[in-house]
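Engineer: If you scroll down you'll find the structure; I have some questions about it.
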Amino acid sequence: MLFTILMFLVVLGILVLVHELGHFSAAKSLGVRVDQFSIGFWPKLFGIKWGETEYMVSLIPWGGYVKIAGQEEPEGDEPEHYELCSRSKLQRLYVFVAGPFANLILAALLFPLIYMLGISVSAYIDQPARVGWVEKGSPAATAGIRSGDRIVEVMGTPTPTWEDALTEIGSRPQQHISIVVERDGQRRTVNLTVAEERRYGAGVIGVGMPIPPVIANVMHGRPAERAGLEAGDLVLSINGVKVSDWMQLRDAVRGSDGKPLVMQVKRGEKLLNLTVVPKFSEELNSFAIGIGAPPSPTKMMRYSFGESVYRGERKLLSTMGLTFEVLWRLVTGQASIKSLGGPIMIARVAGQYARAGATPLLQLIAFLSVQLFILNLLPIPVLDGGHVLFLGIEAATKRPVSMKFKETATRIGFAVLIGFMLLVSYNDILKLLR
C-alpha cells in the first residue's frame, strides 16, 4: 500500500511539475512576474522563496498551480509592466496553453524513448487477431464468434492485429457494436453488446489470444495431484474430445458437474491417460481440479532511433484520437461515466506498473500526459481552457470580460470539477468492492 501511494505521488508529481513549468517558463520568457509555484493545492505544507517566486508543496496532491502577477485584467488602474494583463492577447494565450503543451511535449518525448528502451508485449499483439478461445456465456459466444475466427473489423475500423482489435473493443464498454470476422475465407458481421471489465472498466467481449493447454502448476492435495497430473503436462484431450487451448480445458472442468474426466496428456515423450474427479470450489464458485494456467507468452521489442520516433509519434496520435473519441461518446451519451477512473485507480495502476519496471511506468506517465493535455484545454473555467475561453470572448466582444462574470463562472467550473472528481473516485471505490 505504501509503495502504491508513493508511486502515485511520483507519477502525479512529474505530470504536475511539467505542466506548471510550462506556464512558469512561458511567463518568465515574456518578463512576467510569477509570485507562487505550487505542487498541490491549499494548504501549503512547506516552501522556499527564491528571487521573486515562492516555490512550495501543498497538501492536496491532485494538481498544482502558478500564481502569475496580473493574470486577471484590472478594471481600473493601468497594469504594471511585469503583469500578464499588460501583454497582448496572443502572448497571454501563449502563457495559458504552455502548460498543456508541456504535457504534450513530455508524451512526445516519452513514447519514442519507451520503444528504444524496449517494451514487453504479448507474443501475439502484432499478429492477426485470430481468436484462440471464446468464454462461455460471453458476448462473443452469444453472438456466435468461434475459436479460429479472425477479427478483421470493429465498427468500421480495420483491425489487422490483436493490438488494434483490443484497442477498439476496450474503448467501448457497455456499447452495442458490430464486428466483422473472417471464417473459412468468408467474412460475416456479428452484433453484440460489449461487457465491462470489473477492475478497470475496459470493454471486453470474452475472447482472447491462444493459450496452450499446458499445466503450469499443480496445487497440493487437490484432485489434479491425486490423479497424477504434473506441472508441464500438455493436455491433448478430455473424454476423447481434442483440447487445443487452455480455456477449452477450463470450461470442460467447470462444466463437468463433478463427474470423472479422462485426460490424455503428453509428458515428455510419453502419452498418459489419467482420470481426475473435479471438486466444487467455494472460492471460484465452480468445479476445479487445482491446476494453474501457463503465463501468456511475451516478447521484448526494441527499435532503432528512427523506428522508435515513428512508432512513438503514431502511438501519441492514436492515444489522442482515442481520448477525443471517448470524450465524444461521453458527451453524446454513447458511453457511461461509470467506465471512467479517478485517483484511486491511477494509484493502483501506478503501483502495478512500477513493480513491472521502469518502462511500464513511463508508458503510464506518457498516457496520462496526453490526457492532461486534452482535458486541460476543455473550455471549463478553472482549467486552462477556461482562460482561453475568456480570451476568445474578449476578442469577439472587443472588451474585457468583467471580473464578476469570471468569478461566477470560475466558481461553477470549480464545483463541476470537484463533482467530477468525487464521481470518478466513487467509481473507483465501487470497482475495489467488486
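The values are calculated or read from the model by the stated rules, or taken from the named source; none is laboratory data. What you see is a predicted model, and the numbers here were worked out from it, not measured in a lab. As a convention, Cβ positions derive from the backbone with ideal geometry for all residues, glycine included, and neighbour counts pool all protein chains shown.
Engineer: Return the residues of segment 73-90 that are surrounded by 17 or more Cβ atoms within 10 Å (Cβ to Cβ) and not small (Gly, Ala, Ser); say none if nothing qualifies.
Structural biologist: Passing the criteria: Glu73, Glu83, Leu84, Cys85, Arg87.
Engineer: Within segment 189-217, how many residues turn out to be out of contact with any strand residue (DSSP E or B) (no Cβ under 6 Å at 6 or more places or on another chain) and either of a type in the set (Asp, Glu) or not in a loop (DSSP other than H, G, I, E, B) (or both)?
Structural biologist: 3
Engineer: So, His19, is that one in contact with a strand residue (DSSP E or B) (Cβ under 6 Å, 6 or more places away or on another chain), part of a helix (DSSP H, G or I) and touching a residue at least 12 places away in the same chain (Cβ under 8 Å) or not?
Structural biologist: no
Engineer: Just to confirm my filter: which helices (runs of 4 or more DSSP H) fall fully inside segment 293-381 and include at least 2 residues that are of a type in the set (Lys, Arg) and over 15 Å from the mean Cα position of the chain (by Cα)?
Structural biologist: 305-332
Engineer: Can you tell me which of Leu9, Leu90 is of a type in the set (A, V, I, L, M, F, W, C) and either under 23 Å from Gly392 (Cβ atoms) or not assigned by TED's automatic domain parsing to the domain that holds Ser369 (or both)?
Structural biologist: Leu90
Engineer: Please work out if Val262 is of a type in the set (A, V, I, L, M, F, W, C), assigned to a helix (DSSP H, G or I) and more than 30 Å from Pro379 (Cα to Cα).
Structural biologist: no
Engineer: Among the residues of segment 164-193, which ones are of a type in the set (Asp, Glu) and either buried (at least 18 other Cβ atoms within 10 Å of the Cβ) or farther than 14 Å from Arg130 by Cα (or both)?
Structural biologist: Passing the criteria: Asp164, Glu168.
Engineer: Another one. Note down all Cβ pairs under 9 Å where the first residue falls in segment 388-401 and is surrounded by 10 or more Cβ atoms within 10 Å (Cβ to Cβ), the second is basic (Lys, Arg) and assigned to a helix (DSSP H, G or I), and they're at least six residues apart or on different chains.
Structural biologist: That search, which allows pairs on different chains as well, returns Phe390/Lys406; Leu391/Lys89; Leu391/Arg92; Glu394/Lys89; Ala395/Lys89.
Engineer: For segment 102-123, check the following and say yes or no: at least one residue is touching a Cys at 6+ places or on another chain (Cβ under 9 Å) and assigned to a helix (DSSP H, G or I).
Structural biologist: If we filter segment 102-123 for residues that are touching a Cys at 6+ places or on another chain (Cβ under 9 Å), which is where we start, we get none.
Among the residues of segment 102-123, not one is touching a Cys at 6+ places or on another chain (Cβ under 9 Å) and assigned to a helix (DSSP H, G or I), which makes the answer no.
Engineer: Can you go through Gly40, Gly22 and tell me which one is closer than 21 Å to Ile365 by Cβ, surrounded by 21 or more Cβ atoms within 10 Å (Cβ to Cβ) and modelled with pLDDT under 95?
Structural biologist: The conditions single out Gly40.
Engineer: Run Ala354 past the list (1) farther than 30 Å from Leu2 by Cα; (2) in contact (Cβ under 8 Å) with a residue 12 or more places away in the chain; (3) touching a Pro at 6+ places or on another chain (Cβ under 9 Å) and report the number of the one that doesn't hold.
Structural biologist: Every listed condition holds for Ala354 apart from (1).
Engineer: Among what's in segment 46-61 and is exposed (fewer than 13 other Cβ atoms within 10 Å of the Cβ) and not charged (D, E, K, R), pick the residue that is farthest from the chain's Cα centre (by Cα).
Structural biologist: Residues of segment 46-61 that are exposed (fewer than 13 other Cβ atoms within 10 Å of the Cβ), as a first pass: 46, 48-52, 59-60.
Now drop any that are not not charged (D, E, K, R), which leaves 46, 48, 50-51, 59-60.
Working: Phe46: 33, Ile48: 36, Trp50: 38, Gly51: 40, Leu59: 26, Ile60: 23 Å.
Filtering segment 46-61 for residues that are exposed (fewer than 13 other Cβ atoms within 10 Å of the Cβ) and not charged (D, E, K, R), the one farthest from the chain's Cα centre (by Cα) comes out as Gly51.
Engineer: Please go through segment 247-292 and give me each residue that is modelled with pLDDT under 90, surrounded by 12 or more Cβ atoms within 10 Å (Cβ to Cβ) and hydrophobic (A, V, I, L, M, F, W, C), ordered by number.
Structural biologist: Met247
Engineer: Out of all the residues in segment 43-54, is one or more in a helix (DSSP H, G or I), out of contact with any Leu (no Cβ under 9 Å at 6 or more places or on another chain) and among the aliphatic types (A, V, I, L, M)?
Structural biologist: Looking through segment 43-54, none of the residues is in a helix (DSSP H, G or I), out of contact with any Leu (no Cβ under 9 Å at 6 or more places or on another chain) and among the aliphatic types (A, V, I, L, M).
Engineer: Next question. Of the residues Ile105, Ile119, Ile114, which is in contact with a Leu (Cβ under 6 Å, 6 or more places away or on another chain) and either over 23 Å from Ala293 (Cα atoms) or surrounded by 21 or more Cβ atoms within 10 Å (Cβ to Cβ) (or both)?
Structural biologist: Just a single option satisfies the conditions, and that option is Ile114.
Engineer: What residue, among those in segment 136-173 that are among the hydrophobic types (A, V, I, L, M, F, W, C) and touching a Gly at 6+ places or on another chain (Cβ under 8 Å), is farthest from Gly201 (Cα to Cα)?
Structural biologist: That would be Ala141.
Engineer: Go through segment 214-229 and give me each residue that's farther than 16 Å from Lys279 by Cα and surrounded by 15 or more Cβ atoms within 10 Å (Cβ to Cβ). Explain how you work it out, then say what you get.
Structural biologist: At the first step, the residues of segment 214-229 found to be farther than 16 Å from Lys279 by Cα are 214-217.
Selection gives Val214, Ile215.
Engineer: Would a scan of segment 246-254 turn up a residue that is in a loop (DSSP other than H, G, I, E, B) and out of contact with any helix residue (DSSP H, G or I) (no Cβ under 6 Å at 6 or more places or on another chain)?
Structural biologist: If we filter segment 246-254 for residues that are in a loop (DSSP other than H, G, I, E, B), which is where we start, we get none.
No, every residue in segment 246-254 fails to be in a loop (DSSP other than H, G, I, E, B) and out of contact with any helix residue (DSSP H, G or I) (no Cβ under 6 Å at 6 or more places or on another chain).
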